[in-house]
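Written below as structure tokens is the structure these notes are about.
The values are calculated or read from the model by the stated rules, or taken from the named source; none is laboratory data. Model, not experiment: these values are computed from the prediction. With ideal geometry, Cβ positions are generated from the backbone for all residues, glycine too; neighbour counts draw on all protein chains shown. What goes into the accessible areas is simple: the full protein's heavy atoms, side chains included, and nothing from ligands, DNA or RNA. Shrake-Rupley method; radii C 1.70, N 1.55, O 1.52, S 1.80 Å.
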Amino acid sequence: GLYTTLSSVLSSVPVTLIIPFQVIILLITILITLHLLFPPTLLVESLHIYPIKSAAGIQVDSLTLTSKGVKNDRQYVVLQRPKDNPNGWEVVTQRENPRLALLQPKLHEDDSVSITSSSAPSSFDLTFDPSSEKIKVELFRCFVTCSIVPGSSSFLLRHFPSKSYSIA
């Protein structure tokens, strides 16, 4: 970038040579002008959303930004009951269980999400039930209120037999 170029120009000058202040200002002005006239080009190769945190992503053609972030991104999260607090919930990520990447969400035209797993062909619709019990979960050092998706525990149990997961 600009600073790397300026640094390399100035570092190529012998130490014994004293450059007048006006020359340095002129060099900086030229480099800034060149940078403004010929800005670096960025290329976005692909865009992905992750409707379920730590599950597989979905490639999309465009993103919609809302006041809460990217639309349809990380709407859901996989949870488990912690061993030290059987009444609480904690987020499960691929760090704890890399097999979460096998969960394949599908985004439908009405923005609803269904989920399949490459380990079994069954599908499950993630539907929000406003009457579901509200729970508090710590996510990125903040507490958020969410609801368990009815039936998600039994769906996940088929794919992760030794785990007691739910989706919220």
Prolate/oblate/rounded label for the chain (Cα gyration tensor, a/c 1.5)
prolate
Under 19 Å from the Cα of Lys136, which lysines turn up, not counting those fewer than eight places away in the same chain?
Lys53, Lys68, Lys83
Go ahead and collect, in residue order, the members of region 125-168 whose backbone nitrogen is under 15 Å from a label point 7 Å along the Cα-Cβ direction of Asp84.
138
The size of the Cβ-based charge dipole (Lys, Arg +1; Asp, Glu -1) of the chain about the Cα centre, to the nearest 20 debye, is 480 debye
Those chymotrypsin sites (Phe, Trp or Tyr not before Pro) from region 66-158 that are DSSP loop and have at most 12 other Cβ neighbours within 10 Å turn out to be Phe140
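Based on DSSP loop calls and a cut-off of at most 12 other Cβ atoms within 10 Å, the longest stretch of the chain free of exposed trypsin sites (Lys or Arg not before Pro) is what? Could you put the intermediate results ahead of the total?
On the way: sites that count: Lys68, Lys83, Arg95, Arg141.
The longest uninterrupted stretch comes out as 1-67.
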Ignoring GluC sites (Glu not before Pro) that are buried or in helix or strand per DSSP, and keeping those with at most 12 other beta carbon atoms within 10 Å, what is the longest stretch of the chain between them?
46-108
Kyte-Doolittle mean at least -1.0 and Cα extent at least 18 Å along the axis: which DSSP H helices of the chain qualify?
21-37
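Skip the ligands, DNA and RNA, and give the accessible area per residue of the chain with a 1.4 Å probe, whole Å².
70 Å²
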Please work out the Cα convex hull volume for region 82-168 and give it in Å³ per residue.
118 Å³
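For every helix of n ≥ 4 consecutive DSSP H residues, a contribution of -39,500 (n - 2.57) applies; sum these over the chain, divide by its total residues, and give [θ] at 222 nm rounded to the nearest 500 deg cm²/dmol.
On the way: 3 runs with 35 residues, N = 168.
Computed mean residue ellipticity for the chain: -6500 deg cm²/dmol.
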